[in-house]
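Worksheet: the structure to be examined is printed underneath.
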Amino acid sequence: QVQLVESGGGLVQAGGSLRLSCAASGSIYSINTMRWYRQAPGKQRELVAAITSVGSTNYADSVKGRFTMSRDNAKNTVYLQMSSLKPEDTAVYYCNADRIYTAWGSVFDSWGQGTQVTVSS
């Protein structure tokens, strides 16, 4: 079994910064593309950022220039550095792994439990 665990959320004032982490655990060989999603109250879950296994990134237009996604393959961990935060960034942030290669085969579409980010104005 694999598990994704997010951390780093919290309450921050507008203009501030937070760094989210998502660590994958289990007998993992490697992980394909990983993504950060967010879901604000009453809204659909939206894609925030993605990073391939070799580090290529893509971002939603709403976060370009403010958020940076990175990964440490040796630690099976991805990060989301969030700067210049706005109240509209308030949401539960989830990490997702496209495909995780494990000792027992591949695990597809894994999700973490989410971490709350609240940005006050």
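In region 65-107, what percent of the accessible surface is made up of carbon and sulfur (1.4 Å probe, ligands and nucleic acids excluded)?
Numbers: 880 of 1880 Å².
Answer for region 65-107 is 47 percent, counting heavy atoms of protein chains only.
How much length is gained on full extension from T68 to R19, taking 0.36 nm per residue of separation minus their Cα-Cα distance?
Details: separation 49, 0.36 × 49 = 17.64 nm, distance 0.94 nm.
Gain on stretching T68 to R19: 16.7 nm.
Using θ = phi - 60° in the Karplus curve 6.51 cos²θ - 1.76 cosθ + 1.60, the 3J(HN,Hα) couplings for region 47-52 round to 6, 9, 7, 9, 9, 7 Hz; x is entered for Gly and Pro. For R99, the solvent-accessible surface computed with a 1.4 Å probe is close to 80 Å², ligands and nucleic acids excluded.
For region 35-78, what does the relative contact order come out to in percent, with C-alpha contacts under 8 Å and a separation of six or more?
On the way: 48 pairs, mean separation 11.4, N = 44.
Value for region 35-78: 26 percent.
Amide H to amide H distances under 5 Å link S110 with A97, where only residues 5 or more positions off or on other chains count and H is placed in the peptide plane. Taking a point 7 angstrom from the Cα of S83 along the C-beta vector, which residues in region 1-22 have backbone N less than 15 Å away? Under cut-off, by backbone N: 15-20. Placing a pseudo-label 7 Å from each Cα along the Cα-to-Cβ vector at K43 and D98 gives an inter-label distance of 2.5 nm. Considering all different alpha carbon pairs of the chain, the Kirkwood hydrodynamic radius works out to 14.3 Å.
Placing unit charges on the Cβ atoms of the charged side chains and taking the dipole of region 45-121 about its Cα centre, the candidate lying farthest along the positive direction among Q116, I100, S70 is S70.
With protein chains left intact and a 1.4 Å probe, residues in the chain average 52 Å² of accessible area per residue.
The values are calculated or read from the model by the stated rules, or taken from the named source; none is laboratory data. What you are looking at is a predicted structure, and each value in this text was computed from that prediction instead of being measured. Note that we place each Cβ from the backbone using ideal geometry, even for glycine, and neighbour counts take in every protein chain shown. These area figures cover heavy atoms from the full protein model, side chains too; ligands, DNA and RNA do not enter into them. Shrake-Rupley method; radii C 1.70, N 1.55, O 1.52, S 1.80 Å.
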